[in-house]
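Presented below is the structure to which this report refers.
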Amino acid sequence: MKTARKAALHVNQNEGLIFEKSSAGKAAWKLPPLDVPEVDTAELLGSNERRDLGVMPEVSEIEIIRHFTRLSTWNYAIDLGMYPLGSCTMKYNPRVNEAVARVEGIANAHPYQPEKISQGALRIIKTLSECLIEITGMDAITLQPAAGAHGEMTGLLMVRAYHQSKGNARKKILIPDSAHGTNPATAAMVNYAVENLKSDSRGMVDIASLAAQMNEDVAALMLTNPNTLGVFEQDIHKIAEILHAKGGLLYMDGANMNALVGKARPGDFGVDVMHLNLHKTFSTPHGGGGPGSGPVAIKKGLEPFLPAPVVITKSDGTLGFEYDRPHSVGRVRAFYGNFGMFVRALAYIQANGPDGLRQTTEDAVLNANYIRKGLEGTYDLPYSTPTMHEVVFSDKLQLKKGVRTMDIAKRLIDYGFHPYTTAFPLIVPGALMIEPTESESKEEMDLFVEAMKAIAEEVEENPQTVLDAPVSTRVSRLDETAAARKPVLRWKPA
Amino acid sequence: MSYPTDRKYTKEHEWIQINGTTATVGITDYAQQSLGDIVFVEVPKVGAELAAGKTFGTVESVKAVSDLYAPASGTVTEVNGDLAISPEKVNKDPHGSWMLKLTLKNPGELDGLLSPADYEKFVNEEAGH
Amino acid sequence: MRYLPKSPADREAMLKAIGATTVDDLFAPIPAEYRLKRDLKIPRQMAESEIVDFFRQRSRENGEGYTSFLGAGAYSHYRPVIIDSLISRGEFLTAYTPYQAEISQGTLQSIFEFQTMICELTGMEVANASMYDGSTAAAEAVMMAVRLTGRRSVVVARSLHPEYREVLATYATHQGMPLSVVGFSDTGRVNLKELEKSVTADTACVLVQSPNFFGTIEDVDAVAEIAHRNGAMLVVSIAEAVSLGIVEPPRQADIIAMEAQSFGVPMGFGGPYCGVIATREKFVRQMPGRLVGQTTDKQGRRGFVLTLATREQHIRREKATSNICTNQALVALMVNIFMTVYGKVGLKELAKQNLAKAAYAASHFAKHGKLLFAAPRFNEFVVQTSEDPGAINKRLLGHKIVGGLPLKKFYPELGNASLWCCTELTTRSAIDTAVGLIAESERSERSAKEEDAEEVAR
């Protein structure tokens, strides 16, 4: 293979399962002596007393440090390099976010502590809410949902409550065939039927189909804008008109807000309800799969239906929670939401200010277009429509040699990068979905384009190299079939 | 691939083998090839009522799930417990691995199904796309 | 802006390569009427020191340095420092969901260990890689039971955390799942006679919490017997994970929906926390959430992958077991490290200390107020006072102590009752101070009553 300029092989440590290191008598803990009398647990608990903690491990502190440190070195991460994953917005996770989240009064606050000593937390919630409302161009917001999908559910619950209050809950949600899987899954959870909406040859919503399918049974259209192809729905005002004319609502999946912040506002182009992903657009860390946070912003017509409680300013000027919300859809989780992520998202907004946010969005779109230009011709571009912060290619040209998007993705690993999103969106067979985000330097992106071109050459000259990839990792092409046929989901002693 | 002549086929790639008023159902070679390695087969319990053309279960590969459509209406009399342990048998021998047996409610429905030759033609057209 | 790694020269070069004149050319797809021509009205860009100052100030306004007796679903336990040392490593903090197994083995192996330890602690056979929190885990566990049994009604204990019940009601509303609530007896446990009457042939599951909202340990055997005899499943919610060190887990449960926040997750004003669902192997295909499985690669090397993905939204779409995508991975890693640090012996000792502190506090409160609910409890208890707990708490606040949670809002029939929690971090002196204030309050209430009685007599 051409020498990868981004990465090289390096000795890394092996490490077994923690249970394989465990042995009786080792300990990593020590509790202070009890300052109250000891208790007789058998007497207090009777038959409820636990007899055995089974194979819970017994190891020392250094073994734990080495265990997890070694494991961590087997991971790719944003801190190591670009993730070109489409619609994931893998941007830099600022460290000041982590520092401020750990300040004592914030980190150790109990959610039920009296309002009098919660003014700090309430101010954080209020300030973030106001910033997000301004950024989205909406009227009100809830921060309660724990993630994007949770936000979608909350948003659709409010849509349903709204229609119910008008006398007809309606029956279905229209969802474009390019949508993320959470969209139809969520619609089903809220007991709406899902009806698919076709995309046109430009990769946008087919307006004629929408007009034909829109009627008084349709509660809402769930739209991602820009969509999963990175294309901005230019007819968005027509889309909103068609929906509103028949009393329907426009729901926007905010996963792709990284193309809009500071440049355009969904509330201005007809969106009635939308969710945000703080772990995408607002830099809170992915942490290996979560936590996230999925606030839902709405127009004032939906305000009565917000989950309770809502933050209000009381007559004495202090902040508090209002629980008396008779039309609320209820709670979607205990307490107030992933507060730790509010802190991080607010710190990100503060670090940027209006000019920083705008420049961030400009860089995100510039980067994606730069990569698009770099790879045009090497990979098939199914839609010639201008794209914003992400771009979708296909494996059509490489398929002739029997190589698919998944194989190219695996080979990219040998070049030192994390793969792009494969096989999504569904409307592009063999998709390669790429979103660099603003966090990538010209150098990193040049290395990426170089790697992708090198792989395309390998496909022509020696496709087996790509089909065998990755070859530089500790494990390669794990047997997912066996894992699904005979699942082994925990360790057991021999 | 030539398809066994002792049975009929559906456009959703199921086969049905008739024996008087009872029938045996499975999926075709084309189906198992499209799915890839099968990891799980979900079938109804004995006694369940099937309606022709409606879904009665699913077959899963690692990355996809496909609905199974009943070729004919009837009551399930037997289910192949082997597939719960070895779903890969459907890949290895799709025409020999049966999924369920049923008593037919309306044998007339079978007239609408595809003959082995027609099914083969249908599959070749599909593959051509 | 300091997070952006491009110089003006870089941008120039890139625009040239693309064939655009200015970056605004790239925003032409947005209709002109929607393109913002003004700055967003948000606070100006701040220096890092200003950001830190802002949050330090908020922290001072947020009860910094106070001692708390609050529990009720969020628990104050000591967090070993190596948790943050390890999870702050960029390879954990800034890693993506482990869909590309070859470069995510660190995340995947640690989840596999997490799943194993949750099984050991709960007595279940499989556990997932986390749900959002205990409340949504309970709601999803109930929906799982509905799918598995094909029945629709749900029986819920009133001694389940009130906010968990609210969440369940929200989820249930649109799934056509009628909920019926069963009260508690004066032992603090679910009223078995009421339960017997509520469970029918249409009941998909019975949902109880143990230790319950009052800190009382339920008679899970009895509840399980009633549920199972009627063909219903038993779902048990656990909000105080530390209890699992000394309290026998509900092994008769079909599904356990847990909140693991107590295991090394900061209380953080309510989130992010760490829900988990654990169940029996035969139900695994109906379980929501990510699952990590062990397998081998083409060279026979052991490795880990996300598995049984066909349950999930990205494949099943509208037929998925849930819409969950993002989970609580980093928080689950904190939980994992906590469980590893304390381990087999430490978790038991930690739980014992909690038991001891609460027992000491309860016995002293009982001398002055009324200690409710006689059944065995873990680290929380309910005390009824003559004076309104709100007023007592106000005075405690003057000592920088946050008193127990007044229960009138959730259980009006309990009058002046409040819920107190003691953990290994609660000091004897804090307990003694609180007890002293309650004693004082009771004395003055009693003498006020005596004076009133004398007045009336006169």
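The values are calculated or read from the model by the stated rules, or taken from the named source; none is laboratory data. In this text the structure is predicted, and so the values were computed from the model without any measurement. Glycine also receives a Cβ, built like all others from the backbone with ideal geometry; neighbour counts cover every protein chain displayed.
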Filter segment A:275-297 for residues that are farther than 14 Å from residue A:134 by Cβ and assigned to a strand (DSSP E or B); the one that is farthest from the other protein chains (Cβ to nearest Cβ) is A:296
Taking segment C:30-49 and the residues there that are more than 7 Å from chain A (Cβ to nearest Cβ) and outside any helix (DSSP H, G or I), the one that is nearest to residue C:396 (Cα to Cα) would be C:47
Among residues of segment A:87-102 being in a loop (DSSP other than H, G, I, E, B) and more than 7 Å from chain C (Cβ to nearest Cβ), the residue farthest from the chain's Cα centre (by Cα) is A:102
What about residue C:118, is it crowded, with 23+ Cβ neighbours inside 10 Å and farther than 30 Å from residue A:96 by Cα? yes
Condition set surrounded by 20 or more Cβ atoms within 10 Å (Cβ to Cβ) and more than 7 Å from chain C (Cβ to nearest Cβ), scope segment A:103-127, selection farthest from residue C:401 (Cα to Cα): answer is A:125
Note on residue C:52: of the conditions (1) β-branched (Val, Ile, Thr); (2) within 7 Å of chain A (Cβ to nearest Cβ); (3) surrounded by 19 or more Cβ atoms within 10 Å (Cβ to Cβ), unmet is (3)
Expected single match for facing chain C (nearest Cβ under 10 Å), of a type outside the set (A, V, I, L, M) and not in a helix (DSSP H, G or I) among A:361, A:387 is A:387
Counting only residues in segment A:244-265 that are out of contact with any strand residue (DSSP E or B) (no Cβ under 8 Å at 6 or more places or on another chain) and among the hydrophobic types (A, V, I, L, M, F, W, C), the one farthest from the other protein chains (Cβ to nearest Cβ) is identified as A:245
Given (1) touching a residue at least 60 places away in the same chain (Cβ under 8 Å); (2) in a loop (DSSP other than H, G, I, E, B); (3) at the interface with another protein chain (Cβ under 7 Å from one of its Cβ atoms), residue C:109 misses just (2)
Q. Any chance segment A:40-51 includes a residue that's of a type outside the set (A, V, I, L, M, F, W, C), in contact (Cβ under 8 Å) with a residue 60 or more places away in the chain, outside the structural domain of residue A:414 (by TED's automatic domain parsing) and out of contact with any Pro (no Cβ under 8 Å at 6 or more places or on another chain)?
A. no
**OP:** Examine segment C:218-235 for a residue that is under 30 Å from residue C:274 (Cβ atoms) and in contact with a Gly (Cβ under 8 Å, 6 or more places away or on another chain), and state whether such a residue exists.
**Re:** no
Are any of the residues in segment A:76-86 aliphatic (A, V, I, L, M), more than 10 Å from chain C (Cβ to nearest Cβ) and either under 30 Å from residue A:461 (Cβ atoms) or touching a residue at least 60 places away in the same chain (Cβ under 8 Å) (or both)?
yes
Being on the phi > 0 side of the Ramachandran plot and touching a Gly at 6+ places or on another chain (Cβ under 9 Å) narrows C:245, C:268 down to just C:268
